[in-house]
1. Return only the number of the condition from (1) over 18 Å from the mean Cα position of the chain (by Cα); (2) closer than 24 Å to Asp32 by Cα; (3) surrounded by fewer than 16 Cβ atoms within 10 Å (Cβ to Cβ) that Pro106 does not satisfy.
2. For region 227-245, check the following and say yes or no: at least one residue is in contact with a strand residue (DSSP E or B) (Cβ under 6 Å, 6 or more places away or on another chain), touching a residue at least 12 places away in the same chain (Cβ under 8 Å) and not assigned by TED's automatic domain parsing to the domain that holds Asn186.
3. How many residues, within region 284-340, are assigned to a loop (DSSP other than H, G, I, E, B), touching an Asp or Glu at 6+ places or on another chain (Cβ under 7 Å) and under 30 Å from Tyr117 (Cα atoms)?
4. Looking only at region 19-41, decide whether some residue is at pLDDT below 95 and touching a Ser or Thr at 6+ places or on another chain (Cβ under 8 Å).
5. Using the structure shown, decide if Ile141 is outside the structural domain of Ala229 (by TED's automatic domain parsing), of a type in the set (A, V, I, L, M, F, W, C) and buried (at least 16 other Cβ atoms within 10 Å of the Cβ).
6. Here are some residues: Ser328, Ser312. Which one is exposed (fewer than 13 other Cβ atoms within 10 Å of the Cβ) and either more than 17 Å from Ser283 (Cβ to Cβ) or free of Cβ contacts under 8 Å to residues at least 24 places away in the same chain (or both)?
Amino acid sequence: MSEDAERDAGERLRKIIHVDMDAFYASVEQRDNPELRGRPLAVGGSEARGVVAAASYEARAFGVHSAMPSITAKRKCPDLIFVPPRFDVYRAVSQEIREIFAEYTPLIEPLSLDEAYLDVTENLKGMEIATDIASQIRAAIKAATGLNASAGISYNKFLAKMASDLNKPNGQAVITPKNGPAFVENLPVKKFHGVGPATAEKMHRLGIETGADLKQRSLDFLIDHFGKAGPYFHGIARGIDNRQVRPDRVRKSVGAEDTFRQDAFDYELARQGVQPLIEKVWSYCETNSVSAKTVTLKVKYADFNQITRSRSATAPLASLDALEQIVSQLLLAIFPTAKGIRLLGVTLSSLERASARASTQLTLF
């Protein structure tokens, strides 16, 4: 470990757990319907149209994944079973899981219905070993919900998030202060949490393929090329991430984007492709009791030219239907298009907590 990393770890050593439910939506469906267990399953879409919102591990073995057009998924896995999503059920199960977290720490930062950060440095059970806490939480989730969870344990959020993917499904892994920097150096930047496809592509053009390559770039270089994200990239390349677990954190914005496997020229196909993104950002809002006043649609064409279209309201969005309607209108406005669409993204901004807007919302909704 470098001298800087050792000093950072010594001054800010924390015990962070990232809990991530395994194939959450699909696993809930298999739990509730025994006939679906052990079978390839897609939540969302249909055999003829639509987009996969989530896939079971049996389906993933065939190459089926979220945001894939249903017709492509069916071609990859002819026996694939499609079921409609039940977000009310997923939210209820998520709340059960959150209550288990709260038995161990009040420092819980949900990322979505199926994942969260926990700071267990000082925990309600008085337990010293974070890996033991993670094991207990995973066992409690299994006992209460019948579902499997994976966990990553480390001294910061970035590495805890990376660790939770190492032994999926139904496993856990730890990245210690001693091996954190070396782990990052060997990792391809495209696998870094916080480095999306567009940023990874830009890094590759700059000759940055791995964490070791990223570490060689100066802070000034990273700020010049990546702006506000530069300091974050500079830190994680060294295994340093000073972000705290913030249970009451209100993000300024939340977004999701996805690249089509084939360029989309048709509005209906584009609309189907953007639906999982809409549901993902709205899921964050519901999980964290926030809503947004501004909706932004990002469109990247096949020639890599990019546009954004936004709409703002005087009051926060009240429902998923309202968000779907705005995104549909923004998307419809760019059609017909002579250029294929390579990527779509949806971002919500001007986020507010429910408590902050309650007095104004009562007369509006």
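The values are calculated or read from the model by the stated rules, or taken from the named source; none is laboratory data. Bear in mind that the values here come from a model prediction, so they are computed numbers and not experimental data. For neighbour counting, all protein chains shown are included, and Cβ atoms are generated from backbone atoms with ideal geometry for every residue, glycine included.
1. (2)
2. yes
3. Adding up the residues that qualify gives 1.
4. No: region 19-41 contains no residue that is at pLDDT below 95 and touching a Ser or Thr at 6+ places or on another chain (Cβ under 8 Å).
5. For Ile141, the condition - outside the structural domain of Ala229 (by TED's automatic domain parsing), of a type in the set (A, V, I, L, M, F, W, C) and buried (at least 16 other Cβ atoms within 10 Å of the Cβ) - is met.
6. Selected residue: Ser312, the only one of Ser328, Ser312 that is exposed (fewer than 13 other Cβ atoms within 10 Å of the Cβ) and either more than 17 Å from Ser283 (Cβ to Cβ) or free of Cβ contacts under 8 Å to residues at least 24 places away in the same chain (or both).
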